[in-house]
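Since the structure comes first, as structure tokens, the remarks are kept for the end.
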Amino acid sequence: MDYDFKTIESKWQARWTADGTFRSEIDKDKPKFYVLDMFPYPSGAGLHVGHPLGYIASDIFSRYKRLCGFNVLHPMGYDAFGLPAEQYAIQTGQHPEVTTTHNIARYRSQLDRIGFSYDWNREVRTCDPAYYKWTQWAFLKMFDSWYDPALDKARPISELVAKFETTGYEGVTPEVWAAASDKERSDILMRYRIAYQGETSVNWCEGLGTVLANDEVKDGLSVRGGFPVEQKKMTQWQLRVSAYAGRLLDSLDRLDWTDSLKEMQRNWIGKSEGTEMVFNTVCDGRQKPVTIFTTRADTVFGVTFMVLAPESELVDELTSESQKEAVAAYIKEVKKKTERERIAETHTVTGVFAGSYGINPLTGEQIPIWISEYVLAGYGTGAIMAVPAHDSRDYAFARKFDLPIIPLIEGCDVSEQSFDAKEGVMCNSGFLNGMQVKQAIEAAKDYVEAHGLGRRKTNFRLRDAIFSRQRYWGEPFPIYYKDGIPCPIPESELPLTLPEIDSYKPSPDGQPPLSRAKDWTWHGYPIEKSTMPGFAGSSAYYLRYMDPHNDKALVSPEANAYWRSVDLYIGGTEHATGHLIYSRFWNKFLYDLGYVCEDEPFKKLINQGMIQGRSNFVYRIVGTNTFVSLGRKDQYETTEIHVDINIVRNDRLDLEAFKAWRPEFADAQFVLEDGEYICGWAVEKMSKSMFNVVNPDVICDTYGADTLRLYEMFLGPLEQSKPWDTKGIDGVNRFLKKFWRLFYDRDQWLVTEEKASPAELKVLHRLIGKERSDIESFSFNTTISAFMIAVNDLTALKCSKREILEPMVVLLSPFAPHIAEELWHALGNACSVSDARFPAYVEAYTVEDSCTYAVSFNGKTRFTVDLPKSMDRAEVEARVRALEQTAKYVADQQIVKVIVVPGKIVNIVVK
RNA sequence: GCCCGAAUGGCGGAAUUGGUAGACGCGCUGGACUCAAAAUCCAGUGUCCCUUAAAGACGUGCCGGUUCGACCCCGGCUUUGGGCACCA
């Protein structure tokens with residue numbers, strides 16, 4: 001009987017579904033393990049072979065953990081709200097829900113063919129009202145909470161109101177509070193709510209008709225669609241993520257994530273410790289204190305001017321009559337620029353003198369105040385003290401506008417560029433003279449605080465998340481407006497569902513599409529017209545999987561207490577500064593209020609690399625319909641043309657298929673080499689236009705899902721980006737066939753009950769050792785290599801003994817579950833192979849041998865080594881010869897330790 | 001500009017982290033089976049010297065260092081991938 005993957009795979013996929021093999025329920029007798037994939041956005045293009053890379057890895061790990069006796073939670077769902085469906089709806093008028101449902105069905109059928117062990121019973125879709133009820137619920141909780149800095153956590157806003165009423169808080173006395181109108185009270189509370197409405201400078205994308213979050217913009221263009229983005233002041237819903245900056249940074253240390261990803265988050269959060277200092281200013285005789293932020297308090301003696309951000313509220317007050325016109329003109333100029341232009345023109349220096357002066361608090365000197373776009377309104381106080389000698393940006397500005405530059409470090413040369421390094425000995429700096437820079441920074445901070453000139457301050461770059469989107473296909477805000485005051489719709493009335501509208505375009509007067517829903521009100525009050533952004537639905541989905549059908553809570557305390565948090569999360573790095581920050585924030589917020597029991601959502605995170613496409617080219621001789629093979633193309637003048645990779649195999653073009661591919665190639669002529677047409681190739685992004693998209697369905701048809709799974713893992717390290725290249729796929733397919741032939745020869749069942757020989761056992765022992773150590777470190781490619789070696793060895797030994805093969809089947813089952821399941825049942829087992837128990841095999845076979853090897857030199861035995869049974873004598877002897885070499889050198893020294901791992905003597909430690 | 005990471009045969013990649021470099025797979029070469037092909041199996045395959053083999057020399061981007069011993073550690077470059085980019 002041959003290995004017939006088609007029959008086998010569909011048979012077992014159907015059985016797993018029918019039997020509910022991968023359903024998971026709370027089982028307090030077993031340890032739990034939660035393995036999660038970043039759920040996909042179901043796009044119209046369907047899955048390509050890059051998508052399942054991470055899914056396969058997580059599936060292998062899930063199945064492995066299950067074999068090890070864990071109760072595994074391994075769910076899947078869809079991040080189904082989003083722009084492409086809405087854009088498609090605008091073009092075609094089709095409701096986004098229709099396209100989304102259709103795409104999900106396509107995704108599901110593609111996923112099903114790969115044989116994942118998902119518990120589909122727990123599927124979630126972010127666009128499902130039963131799901132987004134809980135997104136809206138969390139928003140209401142954030143609306144109804146504030147961040148209490150004293151407790152360093154979120155608390156119900158009622159506690160803040162109580163403070164206002166009794167003791168007063170931050171300038172709001174009980175009298176002020178009592179006298180305040182409803183509107184005034186609402187405005188005061190908005191300054192504290194975790195989810196709040198406020199005016200802010202936003203990334204406005206005209207092309208999409210909506211605002212975007214910082215992580216949705218790259219190089220001044222929208223990530224989706226690539227439209228230009230400009231800065232605009234708007235009132236928007238926001239999440240006070242910045243309140244959590246310190247905690248988001250600190251708990252990063254406790255996470256098992258890659259250092260590079262943690263570093264990305266650290267940079268994004270951008271902690272900087274410095275000083276806030278007050279400078280007095282004079283403008284047309286009026287005095288006004290201005291606070292600036294600096295990390296270099298030690299350089300105050302070198303301040304020769306001050307700079308305000310163009311958007312700063314201080315600009316008006318600090319502009320003198322005489323400079324009014326010039327300043328207005330400059331600001332108009334700055335506003336006109338899009339974000340993209342500003343980025344492109346980075347390092348071209350612009351600015352205008354405000355006509356006012358600041359007073360250096362240490363020297364009493366009068367210094368000019370300028371306005372320039374190199375100072376950002378959103379960071380620090382929007383105003384800086386400029387020290388051109390020791391800051392490159394200030395230096396460039398001083399040079400351009402001819403402002404003085406005072407060096408403060410002995411021997412530094414500032415004639416060509418500023419001296420930014422924090423090293424050297426201070427000079428020209430009063431009481432700081434003679435100190436090292438690091439010492440001076442601290443001394444200056446102390447001085448400033450002691451003399452009441454300012455205080456130490458930590459700033460973060462992390463901004464609050466803008467939470468409004470002027471779009472249709474997202475979660476509606478459960479907010480209505482009463483006399484212009486935003487009020488929450490009661491929790492008991494959630495979900496607030498999306499209304500039907502006649503068109504998905506913004507209204508003619510530029511209002512969000514939801515404004516088209518005329519009679520959409522809450523008891524006659526208007527409802528908020530913007531919707532939530534993409535990251536809203538994905539911020540807590542991992543919690544929902546724990547208890548997906550609960551309509552009383554996002555997750556019940558019991559389910560949450562059992563499943564706790566995600567033990568292993570697999571997904572791409574592209575979410576480093578978006579989803580992975582928002583989710584952590586969201587989780588910490590729920591943790592503060594006691595809704596979840598863990599303060600971090602994802603314990604361990606693995607970033608799978610991207611799979612790039614491998615495009616093929618043919619070369620047409622200019623002006624003809626003749627195509628020349630790669631090796632001969634230099635003899636002609638040719639044009640390079642992308643060719644569909646589906647008609648190319650191992651870079652050999654299928655000539656007939658090529659002629660049939662496009663009508664214009666029907667009568668194509670070829671210049672061949674060795675009778676074949678060799679195509680050129682290049683690694684590019686996988687995309688339709690380059691004809692290099694590989695659909696996993698095609699691989700499943702020709703080789704089977706097990707081969708696809710093995711091959712994707714065999715391609716190289718999981719975390720590395722790599723091009724998809726089917727060249728080696730025959731190798732893993734051959735391996736599966738060989739494995740099959742250990743069990744069957746034509747129609748003959750070969751497996752016997754004979755006792756295994758030591759040589760055969762050794763093959764199995766090695767494989768077990770390898771799989772155990774590799775799988776925990778996600779080194780799946782080397783595990784598969786070990787499998788190939790084992791199968792080759794067993795083939796050579798003609799070994800078809802149950803004692804060896806049955807454990808092999810179990811070991812293979814996480815990687816190639818279909819063939820394993822088939823053979824497992826053929827061996828007479830009734831349960832699913834996923835219910836086999838790995839530890840039983842491990843314990844039985846990793847018993848160590850008591851073989852001792854003595855290494856001697858100068859006629860004396862110096863040390864002995866115990867070797868594991870899986871090691872070959874020949875190997876040992878080769879190693880010992882090397883050791884004896886070493887021993888000559890270490891003869892006079894004391895040997896402390898000999899380190900041995902299975903397979904090899906590793907090292908000798910000498911004193 | 002700043003911060004991470006990578007560089008190993010014709011190709012994808014191994015090397016248990018300082019101990020036989022190139023596992024495993026692909027490709028290629030030769031052979032077996034076959035009327036033939038496919039499939040399958042066996043052998044070979046880093047470079048140089050050589051008819052061949054043995055033996056040797058050289059070999060992990062480049063230059064230098066530490067060590068009995070370096071793909072691995074240290075110093076200095078080159079190329080390349082990714083992230084951030086006026087964050088005071």
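The values are calculated or read from the model by the stated rules, or taken from the named source; none is laboratory data. On a predicted model such as this, the values are computed, not experimentally measured, just so you know. Cβ: placed from backbone, ideal geometry, glycine included. Neighbour counts: every protein chain shown. To get the accessible areas, we keep the full protein, side chains included, count just its heavy atoms, and leave off ligands, DNA and RNA. Shrake-Rupley method; radii C 1.70, N 1.55, O 1.52, S 1.80 Å.
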TODO: Give the angle, between 0 and 90 degrees and rounded to the nearest 10, that separates the Cα long axis of helix A:758-775 from the longest principal axis of the Cα atoms of chain A.
DONE: 10 degrees
Open item on the list: Order A:409, A:359 by their accessible area, 1.4 angstrom probe, all chains in place, largest first.
Closed with: A:359, A:409
Task: DSSP beta bridges in chain A [antiparallel fraction, %, rounded to 5] - done: 80 percent
Task: At R0 = 35 Å, FRET efficiency that the Cβ-Cβ distance of residue A:15 and residue A:741 yields, to 0.05 - done: 0.90
Task: Hull volume in cubic angstrom per residue (convex hull over the Cα atoms of region A:396-525) - done: 281 Å³
Task: Among the listed pairs A:28/A:588; A:30/A:801; A:232/A:262; A:32/A:770, those beyond 29 Å (Cα-Cα) - done: A:30/A:801; A:232/A:262
- [ ] Determine the alpha carbon to alpha carbon distance for each of A:422/A:445; A:65/A:604; A:400/A:422 and list only those over 19 Å.
- [x] A:400/A:422
- [ ] Quick one: angle between helix A:437-450 and the longest Cα principal axis of chain A, in degrees between 0 and 90, rounded to 10, please.
- [x] 50 degrees
- [ ] Kindly state, as a whole number, the per residue volume in cubic angstrom of the convex hull around the alpha carbon atoms of region A:611-761.
- [x] 184 Å³
Open item on the list: Less than 17 Å from a label point 7 Å out along the Cα-to-Cβ axis of residue A:282: which backbone N atoms in region A:354-388 qualify, by residue?
Closed with: A:354-370
Open item on the list: What FRET efficiency comes out for residue A:754 versus residue A:500 if R0 is 56 angstrom and r is the Cβ-Cβ distance? Round to the nearest 0.05.
Closed with: 0.20
TODO: Ignoring everything but the protein chains, give the 1.4 Å probe accessible area of residue A:290 in square angstrom, nearest 10.
DONE: 0 Å²
Task: Theoretical FRET efficiency, 1/(1+(r/R0)^6), r = Cβ-Cβ of residue A:640 and residue A:223, R0 41 Å, to 0.05 - done: 0.85
Open item on the list: When a/c reaches 1.5 or more, the comparison of a/b and b/c decides; with that in mind, is region A:108-247 rounded, prolate or oblate per its Cα gyration tensor?
Closed with: oblate
Open item on the list: Give me log10 I(q)/I(0) at q = 0.04, 0.05, 0.06 Å⁻¹ for chain A, Debye formula, one equal scatterer per alpha-carbon, no solvent.
Closed with: -0.27, -0.42, -0.60
Task: Whole-Å distance, taken between Cα centres, linking region A:232-283 and region A:684-703 - done: 41 Å
Open item on the list: For residue A:425, what residues show an amide H to amide H distance below 5 Å, using hydrogens built from the backbone and excluding near sequence neighbours?
Closed with: A:410
TODO: Take the alpha carbon atoms of region A:282-396, find their radius of gyration, then divide it by 2.2 N^0.38 Å using N residues; give the quotient.
DONE: 1.03
- [ ] Quick one: which residues, 5+ away or cross-chain, put their amide H under 5 Å from the amide H of residue A:78? H built at 1.01 Å from N.
- [x] A:124, A:125, A:126
Open item on the list: If you average the C-alpha positions of region A:11-64 and of region A:469-545 separately, how far apart do those two centres end up, in angstrom?
Closed with: 33 Å
Task: Pairs from A:163/A:183; A:218/A:336; A:11/A:727 whose Cα-Cα separation, in the structure shown, is over 22 Å - done: A:11/A:727
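Which number do you get for Rg(Cα) / (2.2 N^0.38 Å) in region A:378-466?
Numbers: Rg = 15.1 Å, N = 89, 2.2 N^0.38 = 12.1 Å.
Dividing the Cα Rg of region A:378-466 by 2.2 N^0.38 Å gives 1.25.
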Task: Residue among A:50, A:64, A:7 farthest towards the positive dipole end of region A:1-71, charges placed on Cβ - done: A:64
- [ ] Would you mind computing, in nm to one decimal, how far apart the modelled labels at residue A:431 and residue A:130 are, each placed 7 Å from Cα along Cα→Cβ?
- [x] 6.9 nm
Task: Equivalent ellipsoid dimensions for region A:1-83 as semi-axes, Å, which come from the Cα gyration tensor, largest first - done: 24, 22, 13
TODO: Check cross-link reach from residue A:798 to the aspartates and glutamates: straight Cα distance under 15 Å, and skip same-chain residues fewer than eight apart.
DONE: A:745, A:753, A:754, A:760
- [ ] May I ask you to order A:436-449, A:156-169 by the average number of other C-beta atoms within 10 Å around their residues, highest value first?
- [x] A:436-449, A:156-169
Open item on the list: Going 7 Å from the Cα of residue A:92 along its beta-carbon direction, which residues of region A:39-65 have the amide nitrogen within less than 18 Å of the resulting point?
Closed with: A:41-47
Open item on the list: Can you give me the angle between helix A:729-741 and the longest principal axis of chain A, using Cα atoms only, in degrees from 0 to 90, rounded to the nearest 10?
Closed with: 40 degrees
- [ ] In Å and from the alpha-carbon atoms only, list the Rg and Dmax of region A:1-147.
- [x] 18.3, 68
